[in-house]
Amino acid sequence: MREPSSLLGRSRTNRELGTRRPRRGTATVAATTGFVHNATILTADTAPWTLQRLWAPGGLSAALEQVTSRVEQPAVLTPGGAGMQAAIVHQWLVAAPARPISVLGGRQVGNPLVAGFEDRVDSLRRMDDVLGGEDVHGLAVSELRVIVRLLRTGAYSQDHRARLYAVAAELARLAGWAAFDSGRHQIAQQFWMVGLRTAHEAHRPAIGANILRCMAEQAVRYGDPSDAVVMLRAARTGAGAALTATEKAMIAGALALAYAQVGDARSVTAEIAEAFMQLEQSDPTRDPEYMYWCSRPTIEYYAGKALLCTGDVTAAVGHLNRSVDDLDAAAYPRDLVHHSVWLGVAKVDAGDVDEAVALAYQAVDLAAAVSSENARVDVLTLCGAIEIAGHPGAAALADHAHSVLRPASRTPVRV
């Protein structure tokens, strides 16, 4: 069973992401006439750097320079389909360890400066939670550009070099996430591939695993969920003991949703159990900074949405209710949109359409306050489910959502 896209997003996704395939099912899958499949296919006849070049000596520097110096344009790599996704994962899993290097010439890069960049990337993450990807992408790329310049011209120790690359990897992940959240799927993939290579240079496999988790979420929503399964399993294997219990819970939750999309109900059950078990063992004081957002409401959301896709509506409602009730709405307004929307879709499937309508109006107001294409897509998915259920207020709800949730203009700008 596959996750739907929205009614409003239909023409956009048909044009930008690929053809839809009709499916049968409940309101969960009937919100539109079909689904995006193999959506994120990129093409480039004259790529200035290739996947192989990215992992070759000197390739990372060229890639970082390019992604931080261009005006928004089509991506230059071709990560479409299972073959390329497998190649990306393979490169990450088998690449030789980065060589220790200390650069002694140039501007001095000391601990206060590196720590300042680490603090700034944390601020950008939390800004993205509140504002949405459309407002944060340019900021992340600008910050990454400064790091790239320091790596090229600064004087730093081996330890500071590794920390700078770790910040660069996280900024690339965040830039990719913000692009994904604002509907720029090709740009997102390019930043993530560069981020994966950069995390390897920093000797931080857990950052690479988190980047693969982001790539998997894109595959589940707009591509082929079997690719998501491959990436998440590789993330778990490749990072191994470097992962904290919270990170393992996150990967298991994401895997539950990916397995639900490919119809593997047994694996869904196993991964949900694994996610909650790891969560019980988690120690937030041992987690990396970028894992602050993964808490019990996050795992409840993964579990509820996965079970909804497998048809266990009653269990799904329970998990999604808890995810909405326990989420910090002030800190995570965009997440609250997603959690509320899928609780609403579950309510439609459970026959409680009036409550779904109330949730939809709340989600419209929340989505209007964040710059997120993914939030808009989800809200309009719920509107579609309510319309299919035949609720008398469906038309008024849809009119309200369309008038309030107008996609942001995307005039290319230098970032």
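Residue-by-condition table, conditions (1) surrounded by fewer than 24 Cβ atoms within 10 Å (Cβ to Cβ); (2) aromatic (Phe, Trp, Tyr); (3) touching a residue at least 60 places away in the same chain (Cβ under 8 Å); (4) farther than 21 Å from residue 389 by Cα:
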| site | (1), (2), (3), (4) |
| --- | --- |
| 275 | no, no, no, yes |
| 289 | yes, no, yes, yes |
| 307 | no, no, no, no |
| 351 | yes, no, no, no |
| 354 | yes, no, no, no |
| 371 | yes, no, yes, yes |
| 376 | no, no, yes, no |
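Which count do you get for residues in the range 233-250 that are within 15 Å of the chain's Cα centre (by Cα) and either surrounded by fewer than 24 Cβ atoms within 10 Å (Cβ to Cβ) or closer than 18 Å to residue 307 by Cβ (or both)? If you could, list the steps in order and put the result at the bottom.
Going residue by residue through the range 233-250, those that are within 15 Å of the chain's Cα centre (by Cα) are 235, 247, 250.
Now drop any that are not either surrounded by fewer than 24 Cβ atoms within 10 Å (Cβ to Cβ) or closer than 18 Å to residue 307 by Cβ (or both), which leaves 250.
Number of matching residues: 1.
Looking at the range 253-273, which of its residues are under 20 Å from the mean Cα position of the chain (by Cα) and touching a residue at least 40 places away in the same chain (Cβ under 8 Å)?
Keep residues of the range 253-273 that are under 20 Å from the mean Cα position of the chain (by Cα), which gives 253-262, 268, 271-272.
Of everything in the range 253-273, those that are under 20 Å from the mean Cα position of the chain (by Cα) and touching a residue at least 40 places away in the same chain (Cβ under 8 Å) turn out to be 253, 254, 256, 257, 258, 259, 260, 261, 268.
Would you confirm, using the coordinates I've provided, whether residue 197 is surrounded by 23 or more Cβ atoms within 10 Å (Cβ to Cβ) and under 20 Å from residue 247 (Cα atoms)? So residue 197 passes the test.
Put simply, of 110, 116, 59, 106 the only residue that is in contact with a Lys or Arg (Cβ under 8 Å, 6 or more places away or on another chain), modelled with pLDDT of 55 or more and not acidic (Asp, Glu) is 59.
Among the listed residues 155, 216, 168, 206, which satisfies the condition of being touching a Leu at 6+ places or on another chain (Cβ under 7 Å), of a type outside the set (Asp, Glu), at pLDDT 95 or above and surrounded by fewer than 24 Cβ atoms within 10 Å (Cβ to Cβ)?
On the way: 155 fails: at pLDDT 95 or above; 216 fails: surrounded by fewer than 24 Cβ atoms within 10 Å (Cβ to Cβ); 168 fails: surrounded by fewer than 24 Cβ atoms within 10 Å (Cβ to Cβ).
The match here is 206.
Within the range 145-156, the residues that satisfy the criterion of being in a helix (DSSP H, G or I) and farther than 11 Å from residue 65 by Cβ are 146, 147, 150, 153.
Looking at 368, 375, 316, 303, just one residue is under 23 Å from the mean Cα position of the chain (by Cα) and within 30 Å of residue 69 (Cα to Cα), and that residue is 375. Checking the range 330-347 against the condition returns a match, with at least one residue being crowded, with 24+ Cβ neighbours inside 10 Å and over 22 Å from residue 254 (Cβ atoms). Taking the criterion of being of a type in the set (Ser, Thr, Tyr), farther than 27 Å from residue 223 by Cβ and in a helix (DSSP H, G or I), the only residue of the range 251-292 that qualifies is 285.
The values are calculated or read from the model by the stated rules, or taken from the named source; none is laboratory data. Just so it is clear, the model here is predicted, and its values are computed rather than measured. No Cβ is skipped: glycine too gets one built from the backbone with ideal geometry, and neighbour counts run over all protein chains shown.
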